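To start, the structure under review is shown below, and the notes come after it.
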Amino acid sequence: MIAVSNKVNLHPPQEQMQKFVAGELSTGLSVAVSAHIEYCAACQQASAKLEQALSADWDAAATAIAESEFNSILDHIAAQPQSVAAATVDAVPRAIVVNNKSVSLPRVLAKIAAAGLEWQHLRGGISQALVKLDDHTRCEFIYMKPGSKAPAHTHSGNEVMIVLDGSFCDELGEYQAADFVMRDPSYRHQPRTVEGCLCFSVLDSPLLFTEGMRRLLNPLNRLLFLHR
């Protein structure tokens, strides 16, 4: 059962939420936003308000919630007592087992995982399971064992990661369950975890490794990005 929280730290930006409600995001990115919304009380309310604006008059929907009002919704919900669980969450088991631990997934990701995940075990305690959702993004579940770290890298495009269980950190901060983490070419970082972490990642361009022999893989990564 997924607990809905008003203590989530990182959310999709307003423009992205508007595109999600309007159905203008890629399937992969839409799945990530939907998964975050299931966790996040603030974004549930914000998306509901945007949906109301869309059903009334989409021409005015883009300005129906000013950025300051959108942020105030998030701040107001975050100030409320911690929620317990979503009333709308069904009772169907929606967990996967990763490293002998059962992890509950948001409905949209549970549906994807139900088709079966093929885990590839990489060096350094990192595992990944690719899922094909559209022709524009590379989507995958990523598991980092306790004490592991990913290779240092930057980005040739944009990456979204939603934390599903555990936590990880990088040079820019620490990220907990339900956080919606966004990275672009201006960031260079090396994610690492103490307790272990399960994430869902959406990339629109390949990673660019910045250290060691992995840099030699960058041209191959570009060629194979959407064909693995």
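Conditions tested, residue by residue: (1) aliphatic (A, V, I, L, M); (2) touching a Gly at 6+ places or on another chain (Cβ under 6 Å).
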{"site": "Leu133", "(1), (2)": "yes, yes"}
{"site": "Ser156", "(1), (2)": "no, no"}
{"site": "Phe168", "(1), (2)": "no, no"}
{"site": "Leu172", "(1), (2)": "yes, no"}
{"site": "Gln190", "(1), (2)": "no, no"}
Select the strands (runs of 3 or more DSSP E) contained entirely in the range 64-157, then report the ones holding at least 2 residues which are within 18 Å of Pro206 (Cβ to Cβ) and at pLDDT below 90.
153-155
Positions within the range 167-201 being of a type in the set (Ser, Thr, Tyr) and modelled with pLDDT under 95, in sequence order:
Ser186, Tyr187
Find all pairs meeting these conditions: Cβ atoms under 7 angstrom apart; at least six residues apart or on different chains; first residue within the range 101-121 and in contact (Cβ under 8 Å) with a residue 24 or more places away in the chain and within 24 Å of Ile37 (Cβ to Cβ); second residue among the hydroxyl-bearing types (Ser, Thr, Tyr) and in a helix (DSSP H, G or I).
Pro106/Tyr39; Val108/Ser34
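The values are calculated or read from the model by the stated rules, or taken from the named source; none is laboratory data. Not measured: the values here are computed from a predicted model. Ideal geometry is used to build each Cβ from the backbone, glycine not excepted, and the neighbour counts take in all protein chains shown.
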